[in-house]
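For reference, the structure is listed below as structure tokens.
The values are calculated or read from the model by the stated rules, or taken from the named source; none is laboratory data. Since we're looking at a predicted model, the values are computed, not measured. Cβ: placed from backbone, ideal geometry, glycine included. Neighbour counts: every protein chain shown.
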Amino acid sequence: MIDTIFHVYNRGTEKRTIFLDDRDRLRFIASLIVFNSQDPTDPNIYRQLMEVSLPSVGSDLDQQFVELMAFCLMPNHYHLMLRPRIENGLTEFMRKLGTGYTNYFNLKYDRVGALFQGKFKSKPILTDAHFLWLPHYIHCNPFDGSLTSITEYPWSSYANYADRPQHTDIVDTSFLKEFFTDSETFKKETRNWLGSNNSSVQRQREEHDQISID
């Protein structure tokens, strides 16, 4: 469904850790760029990505499968907020992303078999309340009781909205920034959301993942 925003997520099979070090995380982030293209995948790209150097630019917008608005990587799962740019763009992007990262992980750690717990999970965003809730939910996944666990976390797109961009070739912030207006508003709304959910953030996250993934 073009123009429908989705919350997409998955975790490791048997809840196993899927990012064992920073090179794994960088490899996944690089994959968000490289595999978001309708162009045929360069057969040498796997070797290049093993070097873990982020591509300097992504594909042209008219060649991308999806518009990626937000993401967060956790030890055994990930969250993405995205919108397909073409018909079947979500499925094609996630197929390339999942296969590519699994191949990398299995080669690096000398293993075989599935890495993720089945097919990726996706939920369409159908209400304004869900739309406004989702970016904060995704970015607050690393919360451990301190605000810095969110604001300084390097493996999410929070910094791109807090005026400290670090994944500029991956995240398209234009749509969400129309609602947050500026970085100070975004940071304030994140604090407000966290404050109103502080006592139940972990419970909500566990319940959401349990219901959605199992």
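Scanning the stretch 1-25 for residues that are of a type outside the set (D, E, K, R) and in a helix (DSSP H, G or I) yields one hit, 13. If only residues of the stretch 131-152 that are touching a residue at least 60 places away in the same chain (Cβ under 8 Å) and more than 17 Å from residue 68 (Cβ to Cβ) are counted, the one that is surrounded by the fewest Cβ atoms within 10 Å (Cβ to Cβ) is 133. Annotation note: of 89, 98, 113, the sole residue that is on the phi > 0 side of the Ramachandran plot and of a type outside the set (D, E, K, R) is 113.
I'd like to check something: does the stretch 45-63 contain any residue that is β-branched (Val, Ile, Thr) and at pLDDT 95 or above? No - not one qualifying residue is present in the stretch 45-63. Show the residue pairs that are 6+ apart or on different chains and have beta-carbon atoms under 6 Å apart, the first residue being within the stretch 176-189 and at positive phi, the second being assigned to a helix (DSSP H, G or I) and exposed (fewer than 13 other Cβ atoms within 10 Å of the Cβ). Here the result reads none, with nothing in the stretch 176-189 linked to a residue that is assigned to a helix (DSSP H, G or I) and exposed (fewer than 13 other Cβ atoms within 10 Å of the Cβ).
Restricting attention to the stretch 158-185, which residues are in contact with a helix residue (DSSP H, G or I) (Cβ under 7 Å, 6 or more places away or on another chain) and closer than 11 Å to residue 70 by Cβ? 158, 161, 167, 170, 171, 173, 176 - these are the residues of the stretch 158-185 that are in contact with a helix residue (DSSP H, G or I) (Cβ under 7 Å, 6 or more places away or on another chain) and closer than 11 Å to residue 70 by Cβ. The number of residues in the stretch 164-184 being farther than 16 Å from residue 131 by Cβ, modelled with pLDDT of 80 or more and not hydrophobic (A, V, I, L, M, F, W, C) comes to 3.
Those helices (runs of 4 or more DSSP H) of the stretch 142-197 in which 3 or more residues are of a type outside the set (Ser, Thr, Tyr) and farther than 26 Å from residue 62 by Cα occupy 183-197.
Would you point out the residue of the stretch 153-195, among those that are small (Gly, Ala, Ser) and surrounded by 12 or more Cβ atoms within 10 Å (Cβ to Cβ), that is nearest to residue 83 (Cα to Cα)? Step by step, filter the stretch 153-195, then rank; the result is 157. Scan the stretch 78-111 for residues that are farther than 23 Å from residue 176 by Cα and surrounded by 20 or more Cβ atoms within 10 Å (Cβ to Cβ) and the total you get is 4.
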